[in-house]
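Structure, as structure tokens:
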Amino acid sequence: MLRYLTAGESHGKCLVAILEGMPAGLPLDPERIDRELRRRQQGYGRGGRMLIEHDTVQIVSGVRRGRTMGSPIALEIQNRDFSIDALPAVTRPRPGHADLTGAMKYDQDDVRTILERASARETAARVAVGAVARLFLEQFGIDCLSHVIRLGGVEAAPPPHRLTGAGLDALRKQVDGTPLRCADPKAQKKMIALIDAVKLAGDTVGGTIEVLATGIPVGLGSHVHYDRKLDARIAGALMAIQAIKAVELGDGVRVSHVRGSELHDEIYYAKDKGFYRKTDRGGGFEGGMTTGAPLVFRIHMKPLSTLRRPLKSVDIKTKQSFVATVERSDVSAVPAAGVVAEAVVAFELAGAMLEKFGGDSLGEVQRNWRGYLQQLRRF
Ligand code: EPS
């Protein structure tokens with residue numbers, strides 16, 4: 001079983017993660033983890049903290065001479081803004097953040113005890129874990145990518161969903177290095193203007209991200225039991241990203257608006273490619289199992305709850321109403337949430353691959369995988 005834990009506070013010494021269950025023999029280049037950490041720090045609309053931090057990983061254990069050893073992999077990311085003990089107490093909870101509920105639940109007079117861990121800074125550790133999962137998936141030709149399809153009220157033109165690996169590469173070229181990881185340059189311009197306007201107003205704005213994965217074999221996950229349905233596991237992992245309020249698979253909420261005849265992906269057969277579908281409205285799943293089609297998830301992010309524009313709240317010490325004034329915040333972290341989403345999808349897929357093709361070395365897992373692909377040819 002592949003599992004991980006993260007620890008660390010936003011302004012603590014560092015963030016750490018322990019990844020357990022990765023087989024031995026996987027080449028692990030720390031630069032590939034750093035690349036993902038850098039991607040998470042980017043995106044138009046981010047705040048001052050990202051100018052301070054230059055996230056890089058220290059691989060503390062589990063790797064020898066560039067390859068995994070089969071033992072737990074411990075990863076560490078230093079916080080440059082290590083100021084947790086010097087920072088003043090916070091008694092003014094932000095609406096929408098974990099502040100008030102967390103302080104009540106953990107019996108704390110200082111909201112900082114809560115917000116330090118609730119902060120989305122923790123996602124750097126998840127991205128580091130996801131980067132290792134990605135390197136594992138690469139060995140099986142599996143790849144994933146995210147791009148922004150809506151920001152506030154601005155929508156990008158929808159991309160084609162019948163993606164192959166090559167299609168994903170083309171989309172990557174379109175979105176990598178753009179300010180908002182958006183494939184529609186016209187919409188992106190409007191999104192940037194919106195972020196500028198929202199920033200001026202001291203406000204924040206959310207958005208929608210599409211997360212895609214290709215190269216997935218038929219039959220990851222299972223229909224036989226609720227907690228083995230991989231679509232549900234991935235959806236749960238996506239919902240667990242800070243500020244994500246809704247997750248869609250394939251056609252998502254549209255399924256309740258249309259008739260069955262307009263929705264289901266019809267099945268075809270050709271001698272050279274076996275069974276196939278011409279559409280991918282199911283998002284790559286049937287019965288909680290992967291169909292072999294690309295996975296298509298969409299996640300909806302709320303506007304961040306740290307905003308300069310006053311929102312009404314009550315001081316937990318004085319019980320007096322106040323209007324919040326906050327200095328440092330992201331106006332939007334939507335593209336960064338997409339990079340985090342890629343990481344959590346990669347982790348869930350790596351876990352599902354290991355469940356199905358399990359082994360203690362990369363070679364053993366690959367042998368099991370090849371044997372299964374051989375078996376599939378019978379169909
Ligand atoms: C973040 C670091 C934080 C915020 C943001 C994400 O830095 P600081 O709180 O020091 O400004 O920029 O956190 C939140 C959005 C949040 O709600 O806490 C990061 O590394 O991603």
### Query
Within the range 193-206, restricting attention to residues that are buried (at least 18 other Cβ atoms within 10 Å of the Cβ) and among the aliphatic types (A, V, I, L, M), which residue is nearest to Val334 (Cα to Cα)?
Val205
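Conditions tested, residue by residue: (1) modelled with pLDDT of 95 or more; (2) over 22 Å from Arg40 (Cβ atoms); (3) within 16 Å of the ligand (Cβ to nearest atom).
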residue: Met301; (1), (2), (3): yes, no, yes
residue: Leu311; (1), (2), (3): no, yes, yes
residue: Lys319; (1), (2), (3): yes, yes, no
residue: Val323; (1), (2), (3): no, yes, no
residue: Ala333; (1), (2), (3): yes, no, yes
residue: Gly338; (1), (2), (3): yes, no, yes
residue: Ala341; (1), (2), (3): yes, no, yes
residue: Val344; (1), (2), (3): yes, no, yes
residue: Phe347; (1), (2), (3): yes, no, no
### Query
Restricting the range 45-81 to residues that are small (Gly, Ala, Ser) and within 12 Å of the ligand (Cβ to nearest atom), which is nearest to Val331 (Cα to Cα)?
Gly45
### Query
Given the range 258-313, what strands (runs of 3 or more DSSP E) lie entirely inside it while holding 2 or more residues that are open to solvent by less than 30 Å² (accessible area, probe 1.4 Å)?
295-301
### Message
Any residue in the range 64-82 that is touching a residue at least 24 places away in the same chain (Cβ under 8 Å) and over 20 Å from Phe347 (Cβ atoms) sitting within a Cβ distance under 6 Å of a residue that is open to solvent by less than 40 Å² (accessible area, probe 1.4 Å) and not in a loop (DSSP other than H, G, I, E, B)? List the pairs, counting only those 6 or more apart or interchain.
### Response
Gln78/Cys14; Asn79/Cys14
### Residues of the range 77-99 satisfying the condition of being part of a strand (DSSP E or B) and either buried (at least 19 other Cβ atoms within 10 Å of the Cβ) or in contact with a His (Cβ under 8 Å, 6 or more places away or on another chain) (or both)
Ile77
### Query
Are any of the residues in the range 57-70 surrounded by 18 or more Cβ atoms within 10 Å (Cβ to Cβ), in contact with a strand residue (DSSP E or B) (Cβ under 8 Å, 6 or more places away or on another chain) and in a helix (DSSP H, G or I)?
no
### Summary
Picked from the range 127-173 (must be over 30 Å from Val16 (Cα atoms) and at pLDDT 95 or above), the residue surrounded by the fewest Cβ atoms within 10 Å (Cβ to Cβ) is Glu155
#### Entry: Arg328 being touching a helix residue (DSSP H, G or I) at 6+ places or on another chain (Cβ under 7 Å), modelled with pLDDT of 90 or more and surrounded by fewer than 22 Cβ atoms within 10 Å (Cβ to Cβ)
no
### Task
Would you be able to say whether some residue in the range 267-283 is closer than 30 Å to Cys182 by Cβ and under 18 Å from the mean Cα position of the chain (by Cα)?
yes
### Lone unmet requirement of (1) on the phi > 0 side of the Ramachandran plot; (2) modelled with pLDDT under 95; (3) of a type in the set (Asp, Glu) for Asp176
(1)
### Message
When you check Lys186 against the structure, is it at pLDDT 95 or above, in contact with a strand residue (DSSP E or B) (Cβ under 9 Å, 6 or more places away or on another chain) and open to solvent by 70 Å² or more (accessible area, probe 1.4 Å), yes or no?
### Response
no
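Residue by residue, here is whether (1) in a helix (DSSP H, G or I); (2) on the phi > 0 side of the Ramachandran plot; (3) over 20 Å from the mean Cα position of the chain (by Cα) holds:
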residue	(1), (2), (3)
Arg181	no, yes, no
Val205	no, no, no
Ile209	no, no, no
His223	no, no, yes
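The values are calculated or read from the model by the stated rules, or taken from the named source; none is laboratory data. Keep in mind the model is a prediction, meaning the values are calculated, not measured. FYI the Cβ positions are ideal-geometry reconstructions off the backbone, even for glycines, and counts take in every protein chain you see. Note: accessible area is taken over every heavy atom of the protein model, side chains too, but ligands, DNA and RNA are not part of it. Shrake-Rupley method; radii C 1.70, N 1.55, O 1.52, S 1.80 Å.
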